[in-house]
């Protein structure tokens, strides 16, 4: 199962070239990552504060297919492409009205928030991730 | 005495209208605020971490005189316009090649970082602020 | 009549002090400004591109009452506090679960996008603004 | 020859986890990209405005080695890892006091700013890129 969220593109997201400034895509993908947790019953804050489990990015791979402009809606599909013991690779497919805009793979480590040390992904999160291993089928 | 710093304006700072997106000016003024501390021998981190003294903004007043564009250098003068027991009003004059761009007054509270409660401005910072009460004379 | 919109506060919106970095409030208020147009049938892009009418901020006044944190929802009421021939002062009241967070007054000029010169507010926008002169009553 | 630039890390660059929010690294690398042009006698604005040559990112690959914190200085080496007819792959090595922080490869297309269509890299830029093919040797 894929998780899908939609983000509004704002006036201030564009740069001098009048398209979305590409670094902002990583912010959008992180927003989709937060929505993935919240939309599955775990507000992202619960992971960081209550469970003291953090997810820093260790590797990022983004492919840009077409520009995004302000007023657009950015539709993002999220799934878990790979899962290791202490890390997971999230995949993102971003589109606008069905048009391919950008895809990304972002590998996050699982860390304890108090020590910032890597740790095994706790069962609660492993179950969440396992339930979202499928890429979108459309 | 006025403190002066200069900031480079970047490609990504512009918005759809091809001028600097106005919310970014508050970021620039905060950068000037950080430079004010560092340039006077107190890295801003020392205030927050070592001295546990924080300076959240409680009031902001900005006047925009002319646009700023990427490739410009933003020259900012910083001084302390008013000083209370537990707060101070910083004044900023931002120019580009002598042209008036934006001015601001930003009132910050003095807080203890552990409790987030307002506290009297410690002598070390009071002395720093007192030494910079003069607006620019040019 | 007041216009109301809600904005999600994100992980990346917080700063070192673990509250929303105050410059971002101006971005949030601009998002509410965009939503005000779109929510009243005029996508903001239509103003800038089709009608060639722009609204740069010339003065900003913000008052911060309490911190905002990631995971919060920021509810913003928008109304037009003053209207001149070539400018308008928008008022914003931002709250979180009924708690006062920040209020702002942002004066925007009405300009022609091709010349960047001030111009009288066109009737279409004057009518829109006139219909939203009332502050919130709750 | 490698080009090197240094960027100050700001209070507002950190996120809730009190390390630099990872999407900002792409902004830092773009700042280094702009400095690469300017530092070699071609202000980035000259490329976009005078020469009407743009460089949108089409692929991004970032590896994060250690966190960056506010008050740090981010030292970035820039070189051209690959050069095609209509695109170039820029490589970035980011360090802080000699410690590995993040590396990136960002492929940019060469486009005509008026049509947004890909075009062969003009000789002036090809010469600039050719002169910076060497990775850092330290």
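Of all residues in segment A:7-21, those that are more than 7 Å from every other protein chain (Cβ to nearest Cβ) and at negative phi have Cβ atoms under 8 Å from Cβ atoms of residues that are assigned to a strand (DSSP E or B) and buried (at least 19 other Cβ atoms within 10 Å of the Cβ), 6 or more apart or on another chain, in A:7/A:74; A:7/A:76; A:8/A:74; A:9/A:20; A:9/A:74; A:13/A:20; A:20/A:14.
Only one of the numbered conditions (1) farther than 23 Å from residue D:35 by Cα; (2) in contact (Cβ under 8 Å) with a residue 40 or more places away in the chain; (3) part of a helix (DSSP H, G or I) is not met by residue B:45, and that is (2).
Name the residues in segment A:109-123 that are surrounded by fewer than 19 Cβ atoms within 10 Å (Cβ to Cβ) and in contact with a strand residue (DSSP E or B) (Cβ under 9 Å, 6 or more places away or on another chain), would you?
A:112, A:113, A:116, A:117, A:118, A:119, A:122
For segment D:39-48, the set of residues classified as facing chain B (nearest Cβ under 10 Å) and either farther than 18 Å from residue D:122 by Cβ or surrounded by fewer than 17 Cβ atoms within 10 Å (Cβ to Cβ) (or both) consists of D:43, D:46, listed by residue number. For segment A:58-76, the set of residues classified as surrounded by fewer than 21 Cβ atoms within 10 Å (Cβ to Cβ) and either more than 14 Å from every other protein chain (Cβ to nearest Cβ) or touching a strand residue (DSSP E or B) at 6+ places or on another chain (Cβ under 6 Å) (or both) consists of A:58, A:59, A:61, A:63, A:65, A:66, A:72, A:73, A:75, listed by residue number. I'd like to check something: does segment D:88-95 contain any residue that is crowded, with 19+ Cβ neighbours inside 10 Å, away from every other protein chain (no Cβ under 14 Å), under 19 Å from residue A:63 (Cα atoms) and touching a helix residue (DSSP H, G or I) at 6+ places or on another chain (Cβ under 7 Å)? Yes, that holds for at least one residue.
Could you tell me whether residue A:27 is in a loop (DSSP other than H, G, I, E, B), touching a helix residue (DSSP H, G or I) at 6+ places or on another chain (Cβ under 6 Å) and surrounded by 20 or more Cβ atoms within 10 Å (Cβ to Cβ)?
So residue A:27 does not fit the description; no.
The single condition among (1) over 20 Å from residue D:131 (Cα atoms); (2) surrounded by 19 or more Cβ atoms within 10 Å (Cβ to Cβ) that residue D:33 does not meet is (1).
Every number in this text was worked out from the coordinates using simple rules, so none of it is lab data. Everything numeric in this text was worked out from a predicted model, so none of it was measured. Cβ atoms come from the backbone with ideal geometry, glycine included; neighbour counts cover every protein chain shown.
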